[in-house]
Amino acid sequence: VYPVCIEEAGPAPQLLLTHQAIAAEVLEIIEEGEGDVQALTARNTGKQPVVVLEGDTLVGCKQNRVVARSVILAAGADVTIPVGCMEQGRWSWKTGRFDSGSMRMSPTMRSGTTREMLAAKKRHHLKASLNQGRLWGDVSAHLTSACVASPTSDFHSVVEEQGREARERAARVLQRQPGQVGVLIMADGHFLGLEVAGHPATWDELADRTLPAVLMDPRWVGQALADRRGAGRSAEDWLSLLQKTPLTPTEGLGAGQEVDLEVPGLGGTGLWHEDQMVHMAVFAC
């Protein structure tokens, strides 16, 4: 896991992430009507833009969900956000609104969702959705590999049982560096993923929710090693390649600009706001 750093950061952006906004009680995420498995309503009642990122987990309401596509909510905005179910065996009210999960979704599942979102946008599907069957299969495989039993086949059960150990390990072995804005992750010379924020302050908020999920996902490494493409490049080579790869602007769901990165073997999405990058995630796929 290689830290990605910048020399001069400038002022921190005036943006709130999902967990910050929910804690500040300025972001409400609720079911649409009596419930839609792949759509939720997000409402920003505050005065700052709120960033809801792909991979954010949401706990409560009729079943636990994971955000499928990143969106920026302007102050006072209501936006329908695409999600996936990460708890197959429950469809009953637990709470009236969602809380933020303590950890983001595993990279294996996020990479699959990224592929599906990119493919849907290329087909000009305005309501891009993920393959729910694929996601349920990934959750089941994750529960099995983690030796965690869940009566509702809930990904969050893994977080509850193993999250504390993963967070402690991440804090111990993945210490933050000055100016760090993200990480580039490899296994035996194979690129796995890149996750970066536009500012160190944003990464400080994301790191404790993102890196433990990486450490809890050995299947991600196994899949990369099974595919021998791209071996032999250094972390610097991969970063240089990604920096040179063109980004394709696409219409976002809310405020700001959405961008896609797609070349053979790599896929990613990102958000820009007021001409500055907010977040970018790229996966081997």
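Each value in this text was obtained by applying a stated rule to the coordinates, not by laboratory testing. None of the values given here were measured: they were computed from a predicted structure. Heads up, the Cβs are rebuilt from the backbone with ideal geometry, glycines too, and the neighbour counts pull from every protein chain shown.
Structural remarks
- Dipole axis of the chain (+1 Lys, Arg; -1 Asp, Glu on Cβ), positive-most option in Met86, Val4, Met280: Met86
- Cα gyration tensor category, rounded, prolate or oblate, for the stretch 132-285 with a/c compared to 1.5: rounded
- Whether the stretch 54-126 is rounded, prolate or oblate, judged on the alpha carbon gyration tensor where a/c under 1.5 counts as rounded: oblate
- In Hz, Karplus ³J(HN,Hα) per residue of the stretch 234-247 (6.51, -1.76, 1.60; θ = phi - 60°; x = Gly, Pro): 7, 4, 5, 4, 5, 5, 4, 4, 5, 5, 8, 7, x, 9
- Magnitude of the charge dipole, the stretch 155-248, Cβ model with Lys/Arg +1 and Asp/Glu -1, debye to 20: 220 debye
- For the stretch 230-285, the alpha-carbon radius of gyration amounts to 1.22 times the rule-of-thumb value 2.2 N^0.38 Å expected for a compact globular protein.
- Cα-based shape type of the stretch 1-108, given that a ≥ b ≥ c are square roots of the gyration tensor eigenvalues and the cut on a/c is 1.5: oblate
- Loop-resident GluC sites (Glu not before Pro) (DSSP state other than H, G, I, E or B) in the stretch 175-269 with no more than 16 further Cβ atoms inside 10 Å of their Cβ: Glu251.
- For the stretch 275-283, Karplus couplings with θ = phi - 60° (6.51, -1.76, 1.60), whole Hz, Gly/Pro x: 6, 10, 5, 9, 6, 8, 9, 10, 10
- About its Cα centre, the chain has a charge dipole of approximately 580 debye under the convention of +1 per Lys or Arg Cβ and -1 per Asp or Glu Cβ, with nothing else charged.
- Per-residue HN-Hα couplings for the stretch 255-270 [Karplus 6.51, -1.76, 1.60; θ = phi - 60°; Hz; x = Gly/Pro]: 7, x, 10, 9, 10, 10, 10, 8, 9, x, x, 9, x, x, 9, x
- Two-site FRET efficiency, Arg134 against Arg176, from Cβ-Cβ distance with R₀ of 25 Å, rounded to 0.05: 0.15
- MRE, 222 nm, helices only [DSSP H, n ≥ 4, -39500 (n - 2.57), over the chain, to nearest 500]: -10000 deg cm²/dmol
- Full extension of the chain between Ala24 and Lys122 yields a length gain of 31.6 nm, computed as 0.36 nm times the residue separation minus the alpha carbon distance.
- Across every pair of non-identical alpha carbons in the chain, the mean reciprocal distance, once inverted, gives a Kirkwood radius of 19.0 Å.
- Local electrostatic count, Leu206, Cβ distance below 11 Å [Lys/Arg +1, Asp/Glu -1]: -3
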